[in-house]
1. Mind listing whichever residues of region D:46-67 are surrounded by fewer than 22 Cβ atoms within 10 Å (Cβ to Cβ), without any contact (Cβ under 8 Å) to a residue 24 or more places away in the chain and in contact with a helix residue (DSSP H, G or I) (Cβ under 7 Å, 6 or more places away or on another chain)?
2. Output the number of the condition that C:Thr69 fails; it satisfies all remaining conditions of (1) over 18 Å from B:Leu86 (Cβ atoms); (2) more than 7 Å from every other protein chain (Cβ to nearest Cβ); (3) among the hydroxyl-bearing types (Ser, Thr, Tyr).
3. Looking at C:Ala40, C:Ala70, which is the one that is assigned to a helix (DSSP H, G or I), within 9 Å of the chain's Cα centre (by Cα) and crowded, with 24+ Cβ neighbours inside 10 Å?
4. Only one of (1) within 30 Å of C:Glu99 (Cα to Cα); (2) crowded, with 18+ Cβ neighbours inside 10 Å; (3) within 10 Å of chain A (Cβ to nearest Cβ) is not met by B:Ala35, so which one is it?
5. Search region D:122-132 for residues being free of Cβ contacts under 8 Å to residues at least 40 places away in the same chain and polar (S, T, N, Q), and hand back the single one that is surrounded by the fewest Cβ atoms within 10 Å (Cβ to Cβ).
6. Of all residues in region D:86-121, which are within 20 Å of D:His20 (Cα to Cα) and without any contact (Cβ under 8 Å) to a residue 60 or more places away in the chain?
7. Can you find a residue that is assigned to a helix (DSSP H, G or I), farther than 22 Å from D:Cys113 by Cβ and at pLDDT 95 or above anywhere in region C:25-34?
8. Filter region D:1-32 for residues that are at the interface with chain C (Cβ under 7 Å from one of its Cβ atoms) and in contact (Cβ under 8 Å) with a residue 12 or more places away in the chain; which is nearest to A:Thr54 (Cα to Cα)?
Protein chains: 4
Amino acid sequence: MPNAADLLTDHPDKSTFDLHELSRAIQACLDCAAACSTCADACISEEGVADMRTCIRLDLDCADICVATAKILARPSPGSDTWRKLVETCARACRECAEECERHVAHKHCQQCAQICRECEAACQQLLTAAA
Amino acid sequence: MPNAADLLTDHPDKSTFDLHELSRAIQACLDCAAACSTCADACISEEGVADMRTCIRLDLDCADICVATAKILARPSPGSDTWRKLVETCARACRECAEECERHVAHKHCQQCAQICRECEAACQQLLTAAA
Amino acid sequence: MPNAADLLTDHPDKSTFDLHELSRAIQACLDCAAACSTCADACISEEGVADMRTCIRLDLDCADICVATAKILARPSPGSDTWRKLVETCARACRECAEECERHVAHKHCQQCAQICRECEAACQQLLTAAA
Amino acid sequence: MPNAADLLTDHPDKSTFDLHELSRAIQACLDCAAACSTCADACISEEGVADMRTCIRLDLDCADICVATAKILARPSPGSDTWRKLVETCARACRECAEECERHVAHKHCQQCAQICRECEAACQQLLTAAA
């Protein structure tokens, strides 16, 4: 059974990307979008939802930025290098969401979401470095 | 290292979903969104792009529907059961995209995309059955 | 200054759509996506956020479905008729979100969001009827 | 009949944004997302689709970035100032898409799309200036 990363190797355009780093970044963005969406929904369910407002907001923003980043990276032919600015933005959204989630030590979903955000931040940074 | 599926098990609301089927469907939708995006971009690069118009269109539509479905399933608390109608729509978009991709036997990216679309269609159908 | 609707009239494919109804539906979906996003964020800010959980959830789901629907309708060439099932899903999400928002009579943002959701539901239904 | 901009005035949080500039930017992003989606689909239909590859790609990227930007601006409560970096990215994507569309003088959809992209770029820049 193939996965989305396998398609990148069959793409007829020689890409400007390191395909290993590109696949990792796409996968990390998609996993982060799902994790942040679940964390937001879990925060909304918490008894202390009034204390989770910033977490919900950063989760929702991070999810939307991760989705856009994943979609654009998954279409890897060179149109321009605006992808760099988007990946930098994504790394920053992930870092801020991770910092907020890390504060909520009582919520396992926040702790797990923070780890996934940190992995996505790292994958974005690595992609930027590999394509420098 | 956790992944997005782990967060579902920590969600404070008892879900109406079978968590195993739910995780599989979310993951399948995200992988399908990435695969269809890459297949569309690869089709645009093909020398015979004029023969790939329908494939590009079904790829782009399938990707957008899969993203919306994944995001909504990743927020699993019961608001309504509109998710069912969306998952049915997603299964249909995946089937149509698979059927078109399967026609393009010379393009490995289409063949791989078709398999990933079929897996997403199956995961959507399975989720609907499990939550019946 | 042109707007997005003007581009539809220049599209080289003869469309299956009534262009007036199509433009109205795209615009209604985009306005509804923005309204539901703002209503969700406003609900999160409310002192009584714990009473707004269902409203936040239906707002977020409606916004994501409206975005996908608008994007797919804005690419109007016939690939398949899955758009019908998506537009039906969108109409339903809008109706459910409107019904919930209408309950929150103290919040003007909910009352306004409900009206915009109802307009989007009507535009979706009208598009389905016009293309029958 | 209210529109999405009206909801911003009822938002309970004092925003960091100039509401007039914020509404204009959200509306410009949504209109640009629709215009770029239609332009991409029209380019795919053109007889000379092989000459439109870069235009299709920049259209699709611009549409996805505009959607994410509109959704995040429509949830205007301060979580962080990552929105600035996203709006800068959006302005750049719009400028690049406009520059490419302007080259295709024979296609009215490209000429109209370019104007809408320029308006979105200007609205993004103005929002950044107003919130400086």
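The values are calculated or read from the model by the stated rules, or taken from the named source; none is laboratory data. What you see is a predicted model, and the numbers here were worked out from it, not measured in a lab. Every residue, glycine as well, gets a Cβ built from its backbone with ideal geometry; the counts of neighbours run over all protein chains shown.
1. D:Val49, D:Ala50, D:Arg53
2. (1)
3. Values: C:Ala40 fails: within 9 Å of the chain's Cα centre (by Cα).
Being assigned to a helix (DSSP H, G or I), within 9 Å of the chain's Cα centre (by Cα) and crowded, with 24+ Cβ neighbours inside 10 Å holds for just one of C:Ala40, C:Ala70, which is C:Ala70.
4. The number of the failed condition is (1).
5. The qualifying residue surrounded by the fewest Cβ atoms within 10 Å (Cβ to Cβ) is D:Thr129.
6. The initial filter retains those residues of region D:86-121 that are within 20 Å of D:His20 (Cα to Cα), namely D:86-88, D:90-91, D:116-121.
D:Leu86, D:Glu88, D:Ala91, D:Arg118, D:Glu121, listed by residue number.
7. Of region C:25-34, the ones assigned to a helix (DSSP H, G or I) are C:25-34.
Narrowing further to those that are farther than 22 Å from D:Cys113 by Cβ: C:32.
Right, trim to at pLDDT 95 or above and you get C:32.
The answer is yes, given that some residue of region C:25-34 is assigned to a helix (DSSP H, G or I), farther than 22 Å from D:Cys113 by Cβ and at pLDDT 95 or above.
8. Step one: of region D:1-32, the residues at the interface with chain C (Cβ under 7 Å from one of its Cβ atoms) are D:1-4, D:6-8, D:10-13, D:26, D:30-31.
The next check asks that each one be in contact (Cβ under 8 Å) with a residue 12 or more places away in the chain; those that pass are D:4, D:8, D:11, D:13, D:26, D:30-31.
Working: D:Ala4: 23, D:Leu8: 19, D:His11: 16, D:Asp13: 13, D:Ile26: 22, D:Leu30: 25, D:Asp31: 29 Å.
Among residues in region D:1-32 that are at the interface with chain C (Cβ under 7 Å from one of its Cβ atoms) and in contact (Cβ under 8 Å) with a residue 12 or more places away in the chain, the one nearest to A:Thr54 (Cα to Cα) is D:Asp13.
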